[in-house]
């Protein structure tokens, strides 16, 4: 009877440990997509990099940085070469965000990873503090 009590006690302790473990706080896939579309793929990348850093995925961080560098240079080169209108930037940023989410997120964080959603307020304020002056500078310098 004593052995049975010990086994039940250990099983309950294991269950309590799993429920007591706090889920990591990540910026959501949707937030990465929205920030990439509204601001730039660079802003969505920063959110994903924050998630990867929290998860300890150094290899993922390096691969995302290499991808985004090549992707942004490719976008700039393509738009300049074809003399495409600037209205292509939003769809191209969203395409990049989809690649970030569907390839890099799924590969390094896991498609079905459980997490707590991290607040979007701080990244939104920072993004606006960067984007508004940049936009105003473009308007006034043009």
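Global size of the stretch 26-141: 14.8, 46 Å for Rg and Dmax (C-alpha atoms, Rg to one decimal, Dmax whole). Here the peptides 125-131, 102-108, 43-49 are ranked by packing, the mean other Cβ count within 10 Å, and the order with the highest first is 43-49, 102-108, 125-131.
Just so you know, all these numbers are worked out from the coordinates, no wet-lab data involved. Since the model is a prediction, treat every value here as computed from it, not as a measurement. Note that we place each Cβ from the backbone using ideal geometry, even for glycine, and neighbour counts take in every protein chain shown.
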